[in-house]
Amino acid sequence: MSVLLFGVSHRSAPVSVLEQLSTDESDQAKIVDQVLQSSLVTEAMVLSTCNRVEVYAVVEAFHGGLSVIGQVLSEHCGMSLQDLTRYAYVRYAEAAVEHLFAVASGLDSAVIGEQQVLGQVRRAYSSAEANHTVGRTLHELSQRALSVGKRVHSETGIDAAGNSVVSVALDMAEAKVGSLAGGRAVVVGAGSMGALAAKQLVRAGVERIHVVNRSLPRAKRLAENIRAHGITADAYPFDHLPPLLADADIVVSCTGAVRPVVSLADVHRGLAHGQDSKQLVICDLGMPRDVDSAVAGLPGVYVIDMDRIQREPSARAAASDAEAARAIVATEVANYLAGQRMAEVTPTVTALRQRAADVVEAELLRLDNRLPGLDSTHRDEVAKTVRRVVDKLLHAPTVRVKQLASAPGGDSYAEALRELFELDQQAVDAVAAGELPLVTGGELPPVSGNGEFDMATTDPEKNE
């Protein structure tokens, strides 16, 4: 079994397509449940951020698993499978590992180096674990990805370009209207992104923050946290948004709603009560969009959306920091895969040692039958001697085979051991089932090279 990734992100699709694919927690659970209905898929989880939707699955066969995942996502977003695959990418086995490590490190984000994606990977794994849809393979892969992400952020300066989409959006806002210090802000949405937006606005020196959220108690909690930093803050339900816009210099919206929550009418009414010469900046960080696209056409309104952010030069980390991060990812991928290959041979080595122990015990039993009068002292010494001989004979080959197995193509050594010592595959499988083996990376399809596929140009039938 191998890990298969089917994804669509800001690198492969326009925002309009990402909007169609956007998911909330209930959608993600449904997608995973539908994928797992196939006998070809044994584990699955969905990573959904404002810039990507990716399904990670452990599959029995490449083509079969790909068809299952593609069909489920096609039904979810209402696009034909043919249209969806124009924007999709596929990573398999080693390439899937490398991609997830890069994502967790912030190397594949719209803002290179953003830290928030690490938390989103953690939530994706936690959700799948809570729903019992991940097993040993995705558990081990996810935990290592989180570890790699932490290492990249702690050992490189990849965060220097801005630690989030929010910070880049606010930098763009200040470039448009000047310093936000002393200004007034509205934060629409009180989730994790809303809290981050509030934190960044506090750092920018705003004078007052209005928090608007569908759940008023949650908005009040965020407002209370803001006040703890010495900034005036209050909380309102959604129907209070228009008058708040009249008082705002900047609006940051990040709700995760499935349709716009800031309408053209809302903004028009807000502007009607404000000063005629006032410039209003709206940062739409929702995916799908939180702000009606027609709002951008209003005079005096400047909308910063994900399309603009992705084109912003400041969203890219310094080349040297990004290169250092990629070097860490490459090293971690190599170490991880070496560990998986070593783990593959471990059950075979254990089965070999178990067979040797069985042979020793059978020979000692035969000795007891032939020499029934042998006293226990001598019998124990003979037993110790035989076991030492067997251990010494097996030590070098079993240690060496683990070392050799860590190299690419090392899975052949486990097969060689089974052939040389006539080990029963069922015995090896029984050992593996009784242990906690590491995830197996699996074989790359013969024509894939490195396990990467562009769905627009690749025929999956050839990669079975």
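The values are calculated or read from the model by the stated rules, or taken from the named source; none is laboratory data. Not measured: the values here are computed from a predicted model. Here Cβ is always computed from backbone atoms with ideal geometry, including for glycine, and neighbour counts include all displayed protein chains. Note: accessible area is taken over every heavy atom of the protein model, side chains too, but ligands, DNA and RNA are not part of it. Shrake-Rupley method; radii C 1.70, N 1.55, O 1.52, S 1.80 Å.
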* Taking only protein heavy atoms into account and a 1.4 Å probe, give the accessible area per residue of the chain in Å². => 46 Å²
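When the Kirkwood radius is taken over all Cα pairs of region 93-156, what Stokes-Einstein diffusion coefficient follows at 20 °C and 1.002 mPa s, in µm²/s? Display every interim value, and only then the final one.
Numbers: Rh = 11.8 Å.
Estimated diffusion coefficient is 181 µm²/s.
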* Asked: If you compute volume of the Cα convex hull per residue in Å³ for the structure shown, which of (1) 180; (2) 210; (3) 144 do you land on?
  -> (1)
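Sum -39500 (n - 2.57) across every DSSP H segment of at least 4 residues in the chain, then divide by the residue count to get the 222 nm mean residue ellipticity, nearest 500. Don't skip to the answer; put the middle values down first.
Details: 17 runs with 247 residues, N = 464.
Counting only the DSSP helices, I get -17500 deg cm²/dmol.
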* To do: In debye, nearest 20, what is the charge dipole magnitude of the chain about its Cα centre with +1 on Lys and Arg Cβ and -1 on Asp and Glu Cβ, if you could check?
  => 1140 debye
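Which of rounded, prolate or oblate describes region 1-138 when judged by the alpha-carbon gyration tensor and an a/c cut-off of 1.5? The partial results should precede the final answer.
Values: a/c = 1.37, a/b = 1.11, b/c = 1.23.
Rounded, because the longest to shortest axis ratio a/c is under 1.5.
Quick one: pull the percent of accessible area on region 55-138 belonging to carbon and sulfur, 1.4 Å probe, ligands and nucleic acids left out. Write down the numbers at each step before the final one.
Details: 1180 of 2730 Å².
On region 55-138, the fraction of accessible area on carbon and sulfur atoms equals 43 percent.
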* Structure fact -> Per the charge dipole of the chain (beta-carbon charges, Lys/Arg positive, Asp/Glu negative, Cα centre), the residue among 109, 58, 192 reaching farthest to the positive end is 192
* **Built amide H within the under 5 Å cut-off of residue 235, gap 5+** => 211
* Proximal lysines relative to residue 150, as straight alpha-carbon distance under 28 Å, when same-chain residues fewer than 8 apart are discounted -> 199
* To do: Enumerate the amide H contacts of residue 282 below 5 Å, restricted to partners 5 or more residues apart or on another chain; note that Pro and chain-start residues carry no placed amide H.
  => 251, 302, 303, 304
* Could you pull the accessible area for residue 229 with a 1.4 Å probe, rounded to 10 Å²? => 130 Å²
* **Within straight-line cross-link reach of residue 402, lysines at Cα separation under 25 Å, skipping those fewer than 8 residues along the same chain** => 392
* **Selected from 286, 225, 47, residue furthest toward positive end of dipole (the chain; charges at beta carbon)** => 225
* Report residue 226's accessible area, 1.4 Å probe, all protein chains in place, as a number in Å² to the nearest 10. => 10 Å²
* Structure fact -> With the dipole of the chain defined by +1 on each Lys or Arg Cβ and -1 on each Asp or Glu Cβ, the option from 334, 71, 92 whose Cα lies farthest towards the positive pole is 334
* With every protein chain in place, what's the accessible area of residue 87 (1.4 Å probe, Å², nearest 10)? -> 50 Å²
* Structure fact -> Quick calc, region 205-313, dipole around Cα centre from Cβ unit charges on Lys, Arg (+) and Asp, Glu (-), nearest 20 debye, gives 320 debye
* Structure fact -> Toy charge model, Lys and Arg Cβ at +1, Asp and Glu Cβ at -1: region 65-213 dipole around Cα centroid in debye, rounded to 20, equals 360 debye
* Under a straight-distance cross-link criterion of Cα-Cα below 21 Å, which lysines are reachable from residue 278, leaving out those fewer than 8 residues away in the same chain? -> 176
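What is the sum of charges, Lys and Arg at +1 and Asp and Glu at -1, for the other residues whose Cβ falls under 9 Å from the Cβ of residue 279? Don't skip to the end; give the middle numbers.
Values: positive: 176, 278; negative: 249.
After counting each charged neighbour, the total is +1.
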